[in-house]
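Down below is the structure, laid out as structure tokens.
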Amino acid sequence: MPPVHAPRSALVPGTLSPRRPVPSAIARPEYVGRPGPARWTGSDVLDADMIERVRVAARLAAQALELVGSHVAPGVTTDELDAVGHDFLVEHGAYPSTLGYRGFPKSLCTSVNEVICHGIPDSTVVEDGDIVNIDVTAYIGGVHGDNNATFLAGDVDEESRLLVERTQEALARAIKAVVPGREINVVGRVIEKYAARFGYGVVRDYTGHGVGPAFHTGLVVPHYDAAPAYDTLIEPGMVFTIEPMLNLGTPDWVMWDDDWTVLTADGRRSAQFEHTLLVTDTGAEILTLP
């Protein structure tokens, strides 16, 4: 039998808990305590030492994501999920990259149901049938590793479950398309073509990005077919994220007054998955694996 439960009402902002402390011995990214990050002027291709450091940060971020995801269940608050991720990262000597990034007040993002991305953990209680995206980035060794995934809470309806499965598949297909010599816009072409089979809206205004010493470098990775724009050639040694957001309905979005929480304009559900990737001589290696 399919799950039977009352439809959840539209999300509203909850109450924020105080900012969680980070031990002073843990190094902070340069943007903490400032309005925003310094402009990235480095190369999109990282050297061998930096790549090895990103491996460490990415693996830690993946382990944190796996742990937080295991706590997604009806009855938990998104703030409690934030505490799990925060504590894991600082116990392993990492700084939660989102904490203090352009004023973001928490250590990860929790995006429930119609929230596309950048949901702020608060007193919101996860309900049976919800889908919950967790986005975790770890900063350690002077670099960032970034990933996210959408988890099912309790009995989730088939439409939402398929959206989640297909969004994960869209990411997998996009990763396979990453080959040196191709234009970066091939990523979005693959995602949009796959999503169109199901009538999903593909969010355009939030993209994948270069990552490493900067949380977001200048490299932009669209999730839609942006050709002939975004024609940067993929090169070995590049490190970037792919993080498609697929919506059941329109790709259009609205934002809460917190200047962070992005929701679907029609109130229908959205799912997202993300990996940090290293471009090799023949394809892409996923760095955000636990």
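Some values worked out for this structure:
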{"item": "Filtered residue count, the range 241-262, keeping only those that are surrounded by 13 or more Cβ atoms within 10 Å (Cβ to Cβ) and without any contact (Cβ under 8 Å) to a residue 60 or more places away in the chain", "result": "5"}
{"item": "ALA25 vs. criteria in a helix (DSSP H, G or I), among the small types (Gly, Ala, Ser) and at pLDDT 95 or above", "result": "no"}
{"item": "Neighbours by Cβ (under 7 Å, 6+ apart or cross-chain): first from the range 155-172, under 13 Å from TYR200 (Cβ atoms) and in contact (Cβ under 8 Å) with a residue 40 or more places away in the chain; second part of a helix (DSSP H, G or I) and among the small types (Gly, Ala, Ser)", "result": "ALA170/ALA195"}
{"item": "Meets criteria (in contact (Cβ under 8 Å) with a residue 60 or more places away in the chain, surrounded by 19 or more Cβ atoms within 10 Å (Cβ to Cβ) and in contact with a His (Cβ under 7 Å, 6 or more places away or on another chain)) for LEU60", "result": "yes"}
{"item": "Among the candidates VAL190, VAL211, VAL221, residue that is more than 15 Å from the chain's Cα centre (by Cα) and hydrophobic (A, V, I, L, M, F, W, C)", "result": "VAL190"}
{"item": "Residue that is surrounded by the fewest Cβ atoms within 10 Å (Cβ to Cβ) [pool: residues in the range 94-127 that are aliphatic (A, V, I, L, M) and over 19 Å from VAL32 (Cα atoms)]", "result": "VAL125"}
{"item": "Long-range neighbours under 8 Å by Cβ, at least six apart or interchain, first residue among the charged types (D, E, K, R) within the range 213-238, second assigned to a strand (DSSP E or B)", "result": "ASP231/GLU183; GLU235/VAL45; GLU235/VAL279"}
{"item": "The range 75-93: number of residues that are among the small types (Gly, Ala, Ser), surrounded by fewer than 18 Cβ atoms within 10 Å (Cβ to Cβ) and either under 12 Å from LEU60 (Cα atoms) or without any contact (Cβ under 8 Å) to a residue 12 or more places away in the chain (or both)", "result": "1"}
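The values are calculated or read from the model by the stated rules, or taken from the named source; none is laboratory data. Note that this is a predicted model, so its numbers are computed, not measured. Methodologically, a virtual Cβ is constructed for each residue, glycine included, from the backbone with ideal geometry; neighbour enumeration extends over all protein chains shown.
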